[in-house]
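Participant: The following block contains the structure, expressed as C-alpha coordinates.
The values are calculated or read from the model by the stated rules, or taken from the named source; none is laboratory data. Quantities reported herein were computed from a predicted structural model and do not represent experimental measurements. Reconstructed Cβ throughout: ideal geometry from the backbone, glycine too, with neighbour counts over all protein chains shown. Heavy atoms of the whole protein, side chains included, go into the accessibility calculation; ligands, DNA and RNA do not. Shrake-Rupley method; radii C 1.70, N 1.55, O 1.52, S 1.80 Å.
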Amino acid sequence: MYKVKETIKSRNAQDALYTEARAMLSKLRLEDYEKNFKKGHLTDPTLPLLTDRELQEVNIPPGARLLILDHIKRYHKMENRE
(Lines give C-alpha, C1' and ligand atoms only; values in the text may rest on other atoms or scores of the structure.)
Protein backbone atom coordinates (compact mmCIF):
# COMPACT_ATOMS: atom_id res chain seq x y z
CA MET A 1 0.00 0.00 0.00
CA TYR A 2 2.88 2.37 0.77
CA LYS A 3 4.29 1.96 -2.76
CA VAL A 4 0.90 2.78 -4.28
CA LYS A 5 0.68 6.01 -2.27
CA GLU A 6 4.22 6.98 -3.25
CA THR A 7 3.47 6.30 -6.93
CA ILE A 8 0.37 8.51 -6.76
CA LYS A 9 2.34 11.31 -5.07
CA SER A 10 5.03 11.04 -7.72
CA ARG A 11 2.49 11.22 -10.55
CA ASN A 12 0.79 14.24 -8.99
CA ALA A 13 4.14 16.00 -8.65
CA GLN A 14 4.97 15.25 -12.28
CA ASP A 15 1.54 16.41 -13.47
CA ALA A 16 2.13 19.75 -11.73
CA LEU A 17 4.96 20.35 -14.21
CA TYR A 18 2.50 20.25 -17.12
CA THR A 19 -0.23 22.64 -15.90
CA GLU A 20 0.36 25.34 -18.55
CA ALA A 21 1.05 22.81 -21.27
CA ARG A 22 -2.17 20.94 -20.46
CA ALA A 23 -4.19 24.19 -20.45
CA MET A 24 -2.69 25.25 -23.78
CA LEU A 25 -3.40 21.91 -25.42
CA SER A 26 -6.95 21.99 -24.09
CA LYS A 27 -7.53 25.52 -25.40
CA LEU A 28 -6.25 24.44 -28.83
CA ARG A 29 -8.27 21.20 -28.65
CA LEU A 30 -5.08 19.18 -28.94
CA GLU A 31 -5.42 17.21 -25.70
CA ASP A 32 -4.45 14.02 -27.52
CA TYR A 33 -0.85 15.25 -27.61
CA GLU A 34 -0.42 15.61 -23.84
CA LYS A 35 1.24 12.19 -23.74
CA ASN A 36 3.72 13.40 -26.37
CA PHE A 37 4.64 16.36 -24.18
CA LYS A 38 5.16 14.08 -21.20
CA LYS A 39 7.17 11.57 -23.22
CA GLY A 40 9.46 14.37 -24.41
CA HIS A 41 9.62 16.00 -20.96
CA LEU A 42 8.25 19.23 -22.46
CA THR A 43 7.29 20.80 -19.14
CA ASP A 44 5.86 24.26 -18.49
CA PRO A 45 9.29 25.95 -18.17
CA THR A 46 10.27 24.61 -21.61
CA LEU A 47 7.25 26.07 -23.44
CA PRO A 48 8.90 29.38 -24.44
CA LEU A 49 11.92 27.41 -25.70
CA LEU A 50 9.99 25.08 -28.00
CA THR A 51 10.74 25.02 -31.69
CA ASP A 52 9.27 23.08 -34.57
CA ARG A 53 12.09 20.57 -34.26
CA GLU A 54 11.35 19.65 -30.63
CA LEU A 55 7.66 19.19 -31.40
CA GLN A 56 8.52 17.10 -34.45
CA GLU A 57 10.79 14.91 -32.31
CA VAL A 58 7.84 14.01 -30.07
CA ASN A 59 5.72 13.09 -33.12
CA ILE A 60 3.35 16.04 -33.20
CA PRO A 61 2.03 16.57 -36.76
CA PRO A 62 2.70 19.80 -38.72
CA GLY A 63 -0.71 21.44 -38.27
CA ALA A 64 -0.70 20.93 -34.52
CA ARG A 65 2.91 22.16 -34.32
CA LEU A 66 1.96 25.40 -36.04
CA LEU A 67 -0.94 25.98 -33.68
CA ILE A 68 1.19 25.29 -30.61
CA LEU A 69 4.06 27.53 -31.71
CA ASP A 70 1.68 30.35 -32.67
CA HIS A 71 -0.10 30.10 -29.32
CA ILE A 72 3.18 30.21 -27.40
CA LYS A 73 4.42 33.19 -29.40
CA ARG A 74 1.19 35.16 -28.84
CA TYR A 75 0.86 34.18 -25.19
CA HIS A 76 4.39 35.21 -24.29
CA LYS A 77 4.07 38.50 -26.20
CA MET A 78 0.99 39.37 -24.15
CA GLU A 79 2.69 38.22 -20.95
CA ASN A 80 5.71 40.46 -21.61
CA ARG A 81 3.46 43.53 -22.06
CA GLU A 82 2.02 43.23 -18.56
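Participant: I'd like to know which of THR43, LEU28, VAL58 lies farthest towards the positive end of the charge dipole of region 20-82, counting +1 on Cβ of Lys and Arg and -1 on Cβ of Asp and Glu.
Facilitator: Value computed over the given set: LEU28.
Participant: Next question, about the same structure. Taking a probe of 1.4 angstrom, what is the accessible area of THR51 in Å², to the nearest 10?
Facilitator: Per-residue accessible area (THR51): approximately 60 Å².
Participant: Among the trypsin sites (Lys or Arg not before Pro) within region 13-74, which fall in a DSSP loop and have no more than 10 other Cβ atoms within 10 Å of their own Cβ?
Facilitator: ARG29
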